[in-house]
Amino acid sequence: MMKITVWIDFVCPYAWTAQRWLFDLQKELGDDLEITWRYFSIEQVNKAEDAPNVWEHPNDGSSSTMRAFQGAHAAGKQGADKYLAYMAALYNQRHINKRNLGTQQILEETAVQVGLDLDQFREDLKSDEVFEIFKNDHTEAVEKYGIFGVPTILFENGQSAYLRIKIGEPPVDPVAFWDEFVAIVRDRPTILEIKRPTPPSA
């Protein structure tokens, strides 16, 4: 079995596209691939120097990033399958339906879509527990692995890569793409960066 860790932020369209690819990949590989999903905040990276950390915001929905993480965490209280279903639905709310993930209405609407117990979801959403989890996820990403954006995929041998797939177009050949990604990122640590130039007219 191969194990990977993936850092995500629900507001990022590249993270959404990678999530779709990795979900397709998981269907193909089954138990041969284990994915751990962890939180990273673009809002935190871009905040003003004197602004509070995202995890220091009050538990009132003022940070849509934090509120989305709260929703996913609350969904996870009802099982791993529910967490994954909620993750996919929440990404779609943001990147297909263009909804604000900081609102109670959208979080609850998404909970209903994936069949969560709404009363339990509402109760779990009140918890501050995920604030500390998020702080640890984001801080470890930055301080231990040098992660600067999402999605970033980390392999067990310590090799990792930030990946941008064309927005909304996950690979149609998820396993073949995965094999190529592994061969370059995990197995060739001397490759430090690959970046495509963008023609001025593009």
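Across segment 50-69, the qualifying residues are those that are modelled with pLDDT of 90 or more, assigned to a helix (DSSP H, G or I) and not charged (D, E, K, R), and the one among them that is nearest to Tyr91 (Cα to Cα) is Ala68. Within segment 31-43, one or more residues are hydroxyl-bearing (Ser, Thr, Tyr) and surrounded by 20 or more Cβ atoms within 10 Å (Cβ to Cβ).
Does Glu34 satisfy being in a strand (DSSP E or B) and either acidic (Asp, Glu) or more than 14 Å from the chain's Cα centre (by Cα) (or both)? So that I can check it myself, show each step before the final result.
On the way: in a strand (DSSP E or B): yes; either acidic (Asp, Glu) or more than 14 Å from the chain's Cα centre (by Cα) (or both): yes.
Criteria met by Glu34.
Being assigned to a helix (DSSP H, G or I) and touching a strand residue (DSSP E or B) at 6+ places or on another chain (Cβ under 9 Å) is true of Leu29. Looking across segment 162-174, the residues that are touching a residue at least 12 places away in the same chain (Cβ under 8 Å), loosely packed, with under 14 Cβ neighbours inside 10 Å and on the phi < 0 side of the Ramachandran plot come down to Lys166, Ile167, Glu169. In summary, helices (runs of 4 or more DSSP H) completely within segment 95-145 and bearing 2 or more residues that are within 18 Å of the chain's Cα centre (by Cα) occur at 104-113, 129-145.
Being surrounded by 16 or more Cβ atoms within 10 Å (Cβ to Cβ) and modelled with pLDDT of 95 or more holds for only one residue in Leu118, Leu101, Leu107, Leu125, and it is Leu107. Total residues in segment 4-18 satisfying the condition of being among the hydrophobic types (A, V, I, L, M, F, W, C), in contact with a strand residue (DSSP E or B) (Cβ under 6 Å, 6 or more places away or on another chain) and surrounded by fewer than 23 Cβ atoms within 10 Å (Cβ to Cβ): the figure is 2. Cβ separations smaller than 8 Å between residues 6+ apart or across chains give the following pairs from segment 37-51 residues that are without any contact (Cβ under 8 Å) to a residue 40 or more places away in the chain to residues that are not acidic (Asp, Glu): Glu43/Val11; Glu43/Val54; Glu43/Ser63; Glu43/Thr65; Lys47/Asn53; Lys47/Val54. If only residues of segment 134-161 that are free of Cβ contacts under 8 Å to residues at least 60 places away in the same chain and crowded, with 16+ Cβ neighbours inside 10 Å are counted, the one that is nearest to Ile42 (Cα to Cα) is Ala161.
The values are calculated or read from the model by the stated rules, or taken from the named source; none is laboratory data. Keep in mind that what you see is a predicted model, and the values were worked out from it rather than measured. Don't worry about glycine lacking a Cβ; one is built from the backbone with ideal geometry, like all the others, and counts go over all protein chains shown.
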